[in-house]
């Protein structure tokens with residue numbers, strides 16, 4: 001989403017992501033979906049991932065209690081030549097269907113400006129979530 005400057009940090013990001021994804025895929029804490037052309041199934045042209053986050057039961061605005069984990073949608077990407085063909089929408093529909101069938105109580109994501117209309121069309125809404133921007137371990 002354009003957040004990483006081109007100053008050599010990509011290799012650090014790639015190594016850390018490969019390490020974490022390998023562990024999370026093995027444990028089932030990360031699920032991924034990919035799209036390929038019918039005639040070239042080994043060519044991945046788009047993908048989306050879901051990281052499962054275990055949370056305590058919590059109240060929700062309708063006066064009920066939300067039970068179950070939430071999942072954050074990550075790494076939604078379509079190769080430039082394959083964009084604007086509905087592939088990301090199909091992948092996201094698979095993510096939503098998977099979440100419904102696997103006990104996920106809530107899906108969240110961080111949307112790019114370009115992706116926001118797609119997510120809104122699929123039923124995602126902006127929330128009141130905030131992020132702490134002070135220094136924490138693991139951030140420079």
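Using the beta-carbon distance between residue 136 and residue 90 and R0 = 30 Å, what value does 1/(1 + (r/R0)^6) give for FRET efficiency, to the nearest 0.05? Given R0 = 30 Å and the Cβ-Cβ separation, E is 0.25. Pairs of Cα atoms nearer than 8 Å and 6+ residues apart set the relative contact order; for segment 21-121 it is 24 percent. Compute the Cα gyration tensor for segment 59-107, then decide on rounded, prolate or oblate, letting a ≥ b ≥ c be the square roots of its eigenvalues: rounded whenever a/c is under 1.5, prolate when a/b is larger than b/c in the other cases, and oblate in all that remain. Verdict is prolate for segment 59-107.
Reducing segment 10-53 and segment 79-95 to their Cα centroids gives an inter-centroid distance of 15 Å.
In the chain, helices alone account for a calculated mean residue ellipticity at 222 nm of -9000 deg cm²/dmol, with every DSSP H run of four or more residues adding -39,500 (n - 2.57).
Based on DSSP, what percent of beta bridges with both residues in the chain are antiparallel, to the nearest 5? About 80 percent, rounded to the nearest 5.
Bear in mind that the values in this text are calculations on the coordinates, not laboratory data. Since this is a predicted model, take the numbers as computed values, not measurements. Positions of Cβ are backbone-derived with ideal geometry, glycine not excepted, and every protein chain shown enters the neighbour counts.
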